[in-house]
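I have placed the structure first, in the form of structure tokens, so that the comments after it can refer back to it.
The values are calculated or read from the model by the stated rules, or taken from the named source; none is laboratory data. The structure presented is a predicted model; accordingly, all values stated were derived computationally and were not measured. Every residue, glycine among them, receives a Cβ derived from its backbone with ideal geometry; neighbour counts consider all protein chains shown. We work out accessible area using only protein heavy atoms, side chains counted, and drop any ligands, DNA or RNA first. Shrake-Rupley method; radii C 1.70, N 1.55, O 1.52, S 1.80 Å.
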Amino acid sequence: MTEELLTPTGAAILLAAGDDGAVSGAGAALVRLRRESLIVREYPGGPYRITQDGQEAAAEWRRRNPPEDPALPRLLPKTQHAAIQAAALRPDQRLPGYHDPNPLPRDACFRAPTLNALREEEYGDYGRLPGERSLPVAEARRPLYLTAAGREYARQRCGITVGRRRVVIIPAARSQPSAPPSLRLAAEALTAWALIMEIGDDQAADPERTARMVADNVLADADVILLGDGEYADRLSAHLPHLLAPLAGSPEGGADLCEQVQGDPGLREEWWREAAARHHPA
């Protein structure tokens, strides 16, 4: 028997041989190993012992199949693994499901049992207010996002390095339905469009609505920059203590900084480094 024909079960039997060469295992596996002359029974009813060919086959198997690093997370079933991989490749790190309030095309979504299994592994979760009951994803009907553990699984098992989401919040123009163009352009320079959130005066002034927004978007597990004035910063920081508001206190609403950050990658990274440090202060 060549190493390629040695089954994992057979290899496990050979690798577990005792100092005296004795082996044990399932009957069918032992029969096959004996047929291939990898083990032998010295007399009827006696113990099976590994042969020289068996030792060589076991050594070759060990060489070609080195033991995994015990620090690696357990490899998930195929569909769960694919869901984490898909989320890690998305800027918003969303685990898309059929029951999302704003679902993606069906061929890009995963079923509730898969997402519930990832929640049980603590690789993904949806946001909740303090004291709010945890529900299965089909009942909660909220998007799931990768957790820190999910991002680590993506790094170690999928080969995808992904950090916390970089979310930018911009206030809508007063008495207008959308944010001023200068803020929108600065936000688009700072992050992906899927990670830009607008907040109006009414919502910012309502603590309950603001808390709901923070929870639903799992902003506690994101680096967050607010492109707004000090009044907005004061209102939001009560719910987001790690919020960075680089425009607060700037003249003319920070118009010059908005223009500068659009063309200055170094300034953008400086802001994100500061946002990350505020999220996890030293």
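Worth pointing out:
- Förster-model FRET efficiency, 41 Å R0, Ala220 and Asn65, C-beta, rounded to 0.05: 0.50
- Annotation: peptides 242-251, 23-32, ranked by per-residue average of other Cβ atoms within 10 Å with the highest first, follow the order 242-251, 23-32.
- Rounded to the nearest 0.05, the FRET efficiency derived from the C-beta distance between Ala16 and Asn116 at R0 = 45 Å is 0.80.
- Over the chain, DSSP H runs of length four or greater, each weighted -39,500 (n - 2.57), average out per residue to a 222 nm ellipticity of -12000 deg cm²/dmol.
- Length gained when the stretch Ala277-Leu129 is fully extended (0.36 nm per residue, less Cα-Cα span): 50.8 nm
- Charging the Cβ of each Asp and Glu at -1 and of each Lys and Arg at +1, and nothing else, the dipole of the chain about its Cα centre rounds to 1060 debye.
- Each peptide in 61-69, 150-158 gets a packing score, the mean of other Cβ atoms within 10 Å over its residues, and the list from highest to lowest is 150-158, 61-69.
- Normalising the average separation of contacting C-alpha pairs (under 8 angstrom, six or more residues apart) by the number of residues puts the relative contact order of region 117-194 at 21 percent.
- Under the Debye formula (equal points on every Cα, no solvent term), log10 I(q)/I(0) of region 147-251 at q = 0.13, 0.15 Å⁻¹: -0.49, -0.64
- Histogram of C-alpha separations across the chain, 10 Å bin width, %: 6, 22, 22, 17, 11, 9, 8, 5, 1, 0
- Sequence of Asp53, Asp202 when ordered by accessible area, the most exposed leading, probe 1.4 angstrom: Asp202, Asp53
- Gain on full stretching of the segment that runs from Glu188 to Asp264 - 0.36 nm per residue minus C-alpha separation: 26.1 nm
- Ranked by the mean number of other Cβ atoms within 10 Å of their residues, highest first, the peptides 109-119, 33-43, 216-226, 70-80 fall in the order 216-226, 109-119, 33-43, 70-80.
- FRET efficiency, Ala82 to Tyr43 (Cβ-Cβ, R0 45 Å, nearest 0.05): 0.30
- Relative contact order (%) - criterion: Cα under 8 Å, at least six apart; region: region 82-153: 37
- The angle between the Cα long axis of helix 78-88 and the main principal axis of the chain comes to about 30°, on a 0 to 90 degree scale.
- Heavy-atom accessible area per residue - the chain, 1.4 Å, Å²: 54
- Relative contact order (%) - the chain, alpha-carbon pairs under 8 angstrom, separation at least six: 12
- Charge dipole (debye, nearest 20) of region 163-235; +1 at Cβ of Lys and Arg, -1 at Cβ of Asp and Glu: 260
- Carbon plus sulfur fraction of accessible area for the chain, probe 1.4 Å, in percent: 51
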